[in-house]
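A short worksheet on the structure shown next.
The values are calculated or read from the model by the stated rules, or taken from the named source; none is laboratory data. Remember, predicted model here, so these are calculated numbers, not experimental data. Neighbour counts run over all protein chains shown; Cβ positions are idealised from the backbone, glycine included.
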Amino acid sequence: MAASFGFGLIALAVMVGALGVAAAVVTAAIIALPPWRYLRQLFPLDLSHSAFLIFIAWAWVSTIWSPYDHSAQAILMVMGAFLYPLFAFAIHTLQGKARRIVIHAALFSGAAMILPYVLEGATGIISQLFAEGAMRENMLRDATRGISAIVMATPALAALWLLNFPGRGGQIFAILMVLLVAIISWQFHLFAGLMALLMGSIFFGFGYRWPRSTILTITVGFLIMVLLAPMIMPVLATPLDGVGLPFSWEWRVKMWPYTGALINEHPLIGWGLGASRSFTADQFELRGFSLSYLVQHPHNVGLQVWLETGLVGALLLSASLAIFGIRLSGMRGLSSMQGAAIAGSAAVILVFFSFTYGAWQEWLWASVAWVSALCVLTGSGHNFKARS
């Protein structure tokens, strides 16, 4: 029941813009915390998790030379690195009837969280409750964050529908859900969401046919995104400058070469955690507006990791991702549907990491943990034994 409540709490946070997903996942992890006979399986820590914790520790150390004051950010990162995975682990320990109840709770909450965005997209009734101007703009921006969380969860939710409602009914509902999320993304001008859905759908199919090799392929994609970002993103941006892209994407085209130049100044250890927020003096003109190249982050996780933690941070994060991907691809009992869910979800997350959100956003990492829990539910649930 605690895990079912947790999925409902997460869905509620997604409905109101996703900023509360971090608190919801932490709350769900705590109330659904399994007994010690299960928790002791976490020690010694998994090698990929250990590498990720070292990466977080290095990011925290980088606050020493950072021009931005962000001590609270570092603390939240450390807490999240321990607490977010606990929710997925709690789901991993469920068996039998408890697991079936939680699966239905996850499916119901997943369907319910889409409805407010469908309603707003079709009628605009929710945004009409907000005053014009900044308040309404903030509401609509929060909505795109919530939709992004839904997009990330869509491949795993589709896999759960197909598994638990076999036949034409489950297929129709899964397809309808994907189409609704695509329509919502279009209505809210979340073009990264449309791109992510397309990539997620493609890799969902590949993951179903070749689960292990597809997971490894996606892992390589993450490594390229992190390790080669300073070389790829500025080069990618140059020919796109001035071709009439949407406003937010044209801004990205300006910020990526700028970020690459900053990385070249401190390539080994970076500028320090949160430094992206400090480069606000350099500005350019775009469609009649005077804009800073960087306001909060460069909208690419690889670039931000390089900018703030340097080569050291990029190598540590890449090591964690590589080990995790290899472990997933070699997981015992990996089914075609679970492989599809993992590959599809990872492809969506890779798109968002590459083009949209910042590296340290709590709601983003908490959403990854929530999606991981959904992927766990697509497995058989019979490959875990507690020590007595």
For P298, indicate whether it is crowded, with 20+ Cβ neighbours inside 10 Å, of a type outside the set (D, E) and closer than 28 Å to L53 by Cα. yes
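Taking V226 as the residue in question, decide whether it is among the aliphatic types (A, V, I, L, M) and without any contact (Cβ under 8 Å) to a residue 24 or more places away in the chain.
no
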Please go through (1) more than 23 Å from the chain's Cα centre (by Cα); (2) buried (at least 20 other Cβ atoms within 10 Å of the Cβ); (3) more than 15 Å from V301 (Cβ to Cβ); (4) aliphatic (A, V, I, L, M) for V243 and return the number of the only condition it doesn't satisfy. (2)
Matching option when the condition is part of a helix (DSSP H, G or I), surrounded by fewer than 20 Cβ atoms within 10 Å (Cβ to Cβ) and not polar (S, T, N, Q), among G169, G193: G169
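Being of a type outside the set (K, R), part of a helix (DSSP H, G or I) and surrounded by fewer than 19 Cβ atoms within 10 Å (Cβ to Cβ) is the filter here, so list the residues in the stretch 28-45 that pass it. Show your work before the answer.
Taking the stretch 28-45 and keeping what is of a type outside the set (K, R), we get 28-36, 38-39, 41-45.
Going one step further and asking which of them are part of a helix (DSSP H, G or I), we end up with 28-31, 36, 38-39, 41-42.
Scanning the stretch 28-45 gives I30, I31, W36, Y38, L39, Q41, L42.
Table: residues versus (1) more than 30 Å from G121 (Cβ to Cβ); (2) modelled with pLDDT of 95 or more; (3) among the hydrophobic types (A, V, I, L, M, F, W, C).
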site	(1), (2), (3)
L162	no, yes, yes
F165	no, no, yes
M199	no, yes, yes
I202	no, yes, yes
P211	yes, yes, no
T217	yes, yes, no
V235	yes, no, yes
G244	no, no, no
Could you give me the residue pairs with C-beta distances under 8 Å whose first residue belongs to the stretch 210-221 and is on the phi > 0 side of the Ramachandran plot and in contact (Cβ under 8 Å) with a residue 24 or more places away in the chain, whose second residue is surrounded by fewer than 18 Cβ atoms within 10 Å (Cβ to Cβ) and of a type in the set (F, W, Y) wherever it lies, and which are 6+ apart or on separate chains? none
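Looking at S320, S336, S372, can you tell me which residue is of a type in the set (G, A, S) and either farther than 28 Å from L76 by Cα or more than 18 Å from the chain's Cα centre (by Cα) (or both)? Break it down into steps so the answer makes sense when it comes.
Details: S320 fails: either farther than 28 Å from L76 by Cα or more than 18 Å from the chain's Cα centre (by Cα) (or both); S372 fails: either farther than 28 Å from L76 by Cα or more than 18 Å from the chain's Cα centre (by Cα) (or both).
Within the list S320, S336, S372, the selection yields S336.
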If I go through the stretch 219-274 residue by residue, how many of them are under 22 Å from E308 (Cα atoms), among the aliphatic types (A, V, I, L, M) and not in a helix (DSSP H, G or I)? 4
Return the residues of the stretch 70-96 that are of a type outside the set (A, V, I, L, M, F, W, C) and outside any helix (DSSP H, G or I); say none if nothing qualifies. H70, T93, Q95
